[in-house]
Amino acid sequence: ILDKVQNVLDKFQKQFPREAAQQIVQHQKRTVTTRTAPGASNVTAINDEDEEGEEDEIPTATTSKMEGGEAQEPSGEAPVRHSIMPTIPDAPCIGGYAVNREVPSSLSRGDGYMQELMKKQETVQQACTKAILLSVDWSFVGTGPYNKLTEEEQQKASQSLVFTSISRAVLADSGFVGICQSNKLFKSILVSQVSLISISYNIASTLSDDFEFFLKGSELQFVINFSAWNKTFDAKLIQEKLERLFDLKYLQALQQLETQSESVGNALQKTLQRKQAILVQVEPSFLSLPELTSLPKQEQISMFEKLVKLMKSLLITSDGLSDLCSKSSTVNRKVFESVRQISISYGTRASIASKNGYDITFVHSSGLMRFVVDLQHKGTKLEDLDISFDLALGLVALKAVDASKSKLQAYQNIITRKIKANVLVEVEWNKWMNHPNFLAYDIPKQTAANQAILQKHLNEIINGEEGLIEFFNKNVHLQKVLLRKLKLIRISYDPTNSIKVTHSRNYPFFTLAFDHRH
């Protein structure tokens, strides 16, 4: 019979503390106590004045099998990833010839121009895997600036459009085709928007630079000041203008932000050893913040790059969530069982409640952890992450209950060893955990109070000077009564600070009472 009772108590020890903590977090209005059964093995002993004890470390859980039973992954369908990349409509191919594509009859070697143009067009189509047309605007022929040139210069100006300009702006490594071939994202952006590339002269030479790119509908226009017909254009400048016109660097930074969020989620999943990945993604709403959109594109790109670093600092670097999971079985289990997705975004300073420049909130019903950092936050280091996670996930109660299991068992072992009595030791966490006076404390003070009741107050009551063990040893004539009657020691805080001295042995800050019914 005793063995069966012991088995029941052992199961009670493993399961009940976790349930108690969950009830505290959920603010259920019923009394919950945490107790452990006497006689259990593999516990943490605490040092006392009479005997030396070795304190075992509480194991750090990095797998799904944690203290308190097999941890369960969140149930239900996995959350869906939403892309922050804008949707770019695919421009249709243009059939036939473009306006002014035919070479004027007044130009010599007209057939050669046309053959060269068709040859280059075929090269573009093969490289881009799309039927993109090339077109030369010959309307400059016969204009005043053109007529002022010598016949040789006129021929060179005409040849430059077909042979030189197309090669530099379209076919070169720094041109349209080269950019397409350098990056899959760039290719998809350029090819999806362009069906026609036209080359022309600005007869009035009114462009601020010698040349410029324009996008009108699905037509990419390469326009050159006529006054610069014989100039050599800088390849780097051509590339920069194309990148700027199509927002390539901006979109690349967005893609990198999206890619890194997925990578961070995979790293977090590896730490937790969970079958189901935690979906880490960027919340796209911040992209429309006026405080962000008013910045130059390059500064916006820098903000995206900083958000990647902040995301890593939050989740996978030292002091981040992954690190906290590795160090604490309580954090690890809570994240393993409850967190399904993590969203990250920027917010305005006015919208951030924390003084640390970021907010962390957790929605228990959906398993969504939301992280919002001040757009004006300096640097990439985040302060007090452990405190913020404790607050968001409700870990103060869970940590206290988890820490209590080995400590309470240790006190019970000391009582058993020193006075040969099997006495349960329990903490009534609900007596103060939900009280406004306790919740008004900051997280470090709440944690310190919970640690004090386990490490200090219980030790004074049981193992300290004038405590239970000393009282037992000094009062031999009362030992049989104590052994017969004392079955349970229960401790709690009074959050209302209303304890009154009613007995001569009471102190102003605590009271002792014996409940004969229990």
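The table for this structure:
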| read-out | value |
| --- | --- |
| Extreme residue, farthest from E240 (Cα to Cα), among residues of the range 167-192 that are surrounded by fewer than 18 Cβ atoms within 10 Å (Cβ to Cβ) and among the polar types (S, T, N, Q) | S192 |
| Check on L375, over 27 Å from T447 (Cα atoms), at pLDDT 90 or above and in the same structural domain as E283 (by TED's automatic domain parsing) | yes |
| Which numbered condition V280 fails, given (1) surrounded by 21 or more Cβ atoms within 10 Å (Cβ to Cβ); (2) free of Cβ contacts under 8 Å to residues at least 60 places away in the same chain; (3) more than 27 Å from A400 (Cβ to Cβ) | (2) |
| Some residue of the range 345-352 being of a type in the set (S, T, N, Q), surrounded by 16 or more Cβ atoms within 10 Å (Cβ to Cβ) and out of contact with any strand residue (DSSP E or B) (no Cβ under 6 Å at 6 or more places or on another chain) | no |
| 1 or more residues in contact with a strand residue (DSSP E or B) (Cβ under 8 Å, 6 or more places away or on another chain), modelled with pLDDT under 85 and not hydrophobic (A, V, I, L, M, F, W, C): qualifying helices (runs of 4 or more DSSP H) within the range 413-518 | none |
| Neighbours by Cβ (under 8 Å, 6+ apart or cross-chain): first from the range 200-213, in contact (Cβ under 8 Å) with a residue 40 or more places away in the chain and within 15 Å of G144 (Cα to Cα); second outside any loop (DSSP other than H, G, I, E, B) and among the hydroxyl-bearing types (S, T, Y) | I203/Y146; S205/S227 |
| Wholly within the range 142-191, helices (runs of 4 or more DSSP H) carrying at least 1 residues that are under 51 Å from the mean Cα position of the chain (by Cα) and modelled with pLDDT of 95 or more | 176-182 |
| Residue identified as under 30 Å from V335 (Cα atoms) and in contact with a Cys (Cβ under 9 Å, 6 or more places away or on another chain) among L314, L310, L279, L268 | L268 |
| Residue list for the range 133-166, filter: hydroxyl-bearing (S, T, Y) and either touching a helix residue (DSSP H, G or I) at 6+ places or on another chain (Cβ under 6 Å) or loosely packed, with under 15 Cβ neighbours inside 10 Å (or both) | S139, T143, T150 |
| Boolean, V223 is of a type outside the set (D, E), at pLDDT 95 or above and assigned to a helix (DSSP H, G or I) | no |
| Scope the range 449-481; condition more than 20 Å from A410 (Cα to Cα) and of a type in the set (A, V, I, L, M); matching residues | V476, L478, V481 |
| Condition check for F233: modelled with pLDDT of 95 or more, among the aromatic types (F, W, Y), under 46 Å from the mean Cα position of the chain (by Cα) and surrounded by 15 or more Cβ atoms within 10 Å (Cβ to Cβ) | no |
| N225 farther than 26 Å from L185 by Cα and surrounded by fewer than 17 Cβ atoms within 10 Å (Cβ to Cβ) | no |
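The values are calculated or read from the model by the stated rules, or taken from the named source; none is laboratory data. Nothing here was measured: the structure is a model prediction, and the numbers come from that model. As a convention, Cβ positions derive from the backbone with ideal geometry for all residues, glycine included, and neighbour counts pool all protein chains shown.
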